[in-house]
Amino acid sequence: MGDGEARRRDRLNRVTPWAGLPAQVTEREGGGRNTEMLTTIEKVNVLQKAPVFAGVRTESLARVAAIAREVSCDARQPLFRENDAADTMFLILEGRVALARDGKEPQEVGAGELLGAMPLLAGESHAQSAVATQSVRALQIEQQDLYDAMAEDFNITRGVLRALVHGAPNPAK
């Protein structure tokens, strides 16, 4: 296992205190009808619906789909916390996530929302916390993997930049 893979595993299995509970964002494994993993084509279809990737050509988006890992998180577990380094983003497939900042009333989002994209792209920390309010299934994209894909395929970079210029909505900055 290379350094990059070890780093990914560490991030997936990190223990992050949140209301006394450890984070358990884990890679999903295929199995029964409800636990089948998405194919690359299905991931492309889901990613195309996210505003930040909407302008990326299908062939190029397949690179992003290839680096997107399907993960799950139990209710009350954080996907990320306010002020944490934004080294990963999540596209929610199923479930609900509460977004909270400075202890204010949380905003709840669900399937189809892309969380953490803007701070990840800007190299900043998360401005708010994202906590699952029910079991969540999501696509997780690591910052370095996305940067590598953008460096290898300028069409990804161009599509993401277009989305940013045209103000892609993002509930989790």
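Beta carbons closer than 6 Å, at least 6 apart along the sequence or on distinct chains, pair a first residue in segment 93-116 that is surrounded by fewer than 16 Cβ atoms within 10 Å (Cβ to Cβ) with a second that is assigned to a strand (DSSP E or B) and small (G, A, S) for E108/A98. Within the span defined as segment 17-29, one or more residues are within 15 Å of the chain's Cα centre (by Cα), at pLDDT below 90 and surrounded by fewer than 16 Cβ atoms within 10 Å (Cβ to Cβ). The condition of being over 12 Å from the mean Cα position of the chain (by Cα), modelled with pLDDT under 95 and assigned to a loop (DSSP other than H, G, I, E, B) holds for only one of A163, A168, that being A168.
Does segment 36-43 contain at least one residue that is modelled with pLDDT under 90 and farther than 20 Å from A163 by Cα? Checking segment 36-43: at least one residue is modelled with pLDDT under 90 and farther than 20 Å from A163 by Cα. Against the test of being hydroxyl-bearing (S, T, Y) and within 17 Å of K43 (Cα to Cα), the options S135, S72, S129 yield a single qualifying residue, S72. Residues considered: Q140, Q144. Of these, the only one that is polar (S, T, N, Q), under 27 Å from S60 (Cβ atoms), assigned to a strand (DSSP E or B) and touching a residue at least 24 places away in the same chain (Cβ under 8 Å) is Q140. Taken as a whole, segment 122-132 holds at least one residue that is in a helix (DSSP H, G or I) and out of contact with any Leu (no Cβ under 6 Å at 6 or more places or on another chain). Number of residues in segment 81-98 that are part of a strand (DSSP E or B), over 12 Å from R137 (Cβ atoms), among the aliphatic types (A, V, I, L, M) and under 14 Å from the mean Cα position of the chain (by Cα) equals 2. Among the residues making up segment 47-69, those that are buried (at least 20 other Cβ atoms within 10 Å of the Cβ) and either aliphatic (A, V, I, L, M) or in a strand (DSSP E or B) (or both) are L47, A50, V52, V56, L61, V64, A65, A68.
The values are calculated or read from the model by the stated rules, or taken from the named source; none is laboratory data. For clarity, every value in this text was computed on a predicted model and none was experimentally measured. Cβ atoms come from the backbone with ideal geometry, glycine included; neighbour counts cover every protein chain shown.
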